[in-house]
Amino acid sequence: GKTDSSIPGQSEDNEEEWGEFLHIPGKKFFNFDEIRQEIVKETEKVTGGNLGISSVPINLRIYSPYVLTLTLVDLPGLTKVPVGDQPPDIEVQIKNMLLKYISKPNAIILSVNAANTDLANSDGLKLAREVDPEGLRTIGVLTKVDLMDQGTDVIDILAGRVIPLRYGYIPVINRGQKDIEQKKTIRAALQDEKKYFETHSSYS
């Protein structure tokens with residue numbers, strides 16, 4: 001297998017990995033930091049700068065010898081209370097948008113939940129269950145594992161003793177806002193994540 005250094009996301013240019021946007025045909029982005037900036041720029045162009053929403057996707061294609069051939073749709077999180085320029089019926093609009101994608105029988109649903117919240121209150125898992133009642137194509141993703149209270153862990157969730165899913169749960173530690181601002185690379189974050197789990201009293 002390849003090492004973590006082969007995973008895109010670093011700020012320097014790549015030689016064998018690049019991205020192309022549908023709205024800028026023919027232009028190859030070898031610098032993944034520039035890809036991030038273009039996503040922000042295009043998002044604000046379509047939705048405005050005050051937390052507006054749009055059902056029009058930004059299409060980005062990544063070419064790399066190190067990634068799987070699949071379509072990843074990054075959907076908005078469920079929102080109940082409108083903020084900024086969001087419409088009064090934001091909850092209904094986003095739910096309908098999500099259902100449009102996750103209802104497809106060939107879609108794998110990644111239900112992302114913070115590890116330090118109660119899974120029983122997860123709107124994401126509830127919505128996934130509506131279209132996948134037996135949990136045959138839903139994978140749970142647990143974020144913020146490192147931000148849990150001292151002495152607590154998600155072992156019971158990972159073991160399927162809380163809300164079982166056929167394919168279980170994947171715990172992850174994402175980069176924080178400070179890490180992103182300091183341009184911490186994804187490969188460095190993955191190494192830190194690996195070290196965290198390997199040295200943790202519950203997960204090692």
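The values are calculated or read from the model by the stated rules, or taken from the named source; none is laboratory data. Being a predicted model, the structure only gives us computed values, none of them experimental. Cβ placement follows ideal geometry from the backbone for every residue including glycine, while neighbour counts extend to all protein chains displayed. Side chains included, ligands, DNA and RNA excluded: accessible areas come from the protein's heavy atoms. Shrake-Rupley method; radii C 1.70, N 1.55, O 1.52, S 1.80 Å.
Identify all lysines with a Cα-Cα distance to LYS126 below 26 Å; exclude those on the same chain that are fewer than 8 residues away in sequence.
LYS80, LYS95, LYS100, LYS104, LYS144
Mind jotting down the distance between the C-alpha centroids of region 172-204 and region 14-78, whole Å?
23 Å
Which chymotrypsin sites (Phe, Trp or Tyr not before Pro) does region 103-204 hold that lie in a coil by DSSP with at most 13 other beta carbons within 10 Å?
TYR167
Using only the alpha carbons of region 58-148, determine the length spanned along each of the three principal axes and report them from longest to shortest in whole angstroms.
42, 32, 29
Kindly report the accessible area of region 47-172 per residue (heavy atoms of protein chains, probe 1.4 Å, no ligands, DNA or RNA), in Å². Present the calculation step by step, with values, prior to reporting the outcome.
Numbers: 8230 Å² over 126 residues.
Per-residue value: 65 Å².
How about LYS195: which aspartates and glutamates have a C-alpha closer than 16 Å to its C-alpha, ignoring those fewer than 8 places off in the same chain?
Straight-line reach from LYS195, under 16 Å: ASP4, ASP146.
So which trypsin sites (Lys or Arg not before Pro) in region 77-166 are both in a DSSP loop and have at most 10 other Cβ atoms within 10 Å of their Cβ?
Filter output for region 77-166: LYS80, ARG161.
Among GLN150, PHE32, ALA107, whose Cα sits farthest toward the positive end of the charge dipole of the chain (+1 at Cβ of Lys/Arg, -1 at Cβ of Asp/Glu, about the Cα centre)?
Checked the options; the winner is ALA107.
Would you please give the FRET efficiency between ASN106 and SER54, computed as 1/(1 + (r/R0)^6) with r the Cβ-Cβ distance and R0 = 22 Å, to the nearest 0.05?
On the way: r = 25 Å, r/R0 = 1.12.
Once rounded, the FRET efficiency stands at 0.35.
Would you work out the charge dipole size for the chain about its Cα centre, treating the Cβ of every Lys and Arg as +1 and the Cβ of every Asp and Glu as -1, and quote it to the nearest 20 debye?
420 debye
If I take R0 = 45 Å and measure r between the Cβ atoms of ARG161 and LYS27 in this structure, what FRET efficiency does the formula 1/(1 + (r/R0)^6) give, to the nearest 0.05?
0.35
Only Cα pairs under 8 Å and at least 6 apart count here; give the relative contact order of region 1-145 as a rounded whole percent.
Answer for region 1-145 is 17 percent.
Looking at region 92-192, which GluC sites (Glu not before Pro) are in a loop (DSSP not H, G, I, E or B) and have at most 16 other Cβ atoms within 10 Å?
Counting only loop positions with at most 16 other Cβ atoms within 10 Å, the GluC sites (Glu not before Pro) in region 92-192 are GLU134.
Rounded to the nearest percent, how much of the accessible area of the chain (1.4 Å probe, protein heavy atoms only) is carbon and sulfur?
Answer for the chain is 52 percent, counting heavy atoms of protein chains only.
Looking at region 115-204 from every direction and averaging, what is the projected area of its Cα convex hull in nm²?
6.7 nm²
Among [x] 155; [y] 211; [z] 142, which is the computed volume of the Cα convex hull per residue in Å³?
[x]
Subtract the Cα-Cα distance of LYS80 and ILE186 from 0.36 nm times their separation in residues, and report this length gain in nm to one decimal.
Fully extending the segment from LYS80 to ILE186 adds 35.0 nm.
Near the amide H of ILE170, under 5 Å away, which other amide H atoms are found, from residues 5 or more places off or on another chain, if H is placed in the peptide plane?
Sorted by chain and number, the residues that satisfy this are GLY140, VAL141, LEU142.
What is the distance, in nm, between label points placed 7 Å from the Cα along the Cα-to-Cβ direction at GLU34 and at GLU91?
My value for the distance between the label points is 4.4 nm.
With the Cα gyration tensor of region 11-89 in hand, give its eigenvalues times 5 under a square root as the equivalent ellipsoid semi-axes, listed largest first in whole angstrom.
The three semi-axes for region 11-89 are 28, 14, 11 Å.
Under 19 Å between alpha carbons, and skipping anything fewer than 8 positions from LYS28 in its own chain: which lysines qualify?
LYS41
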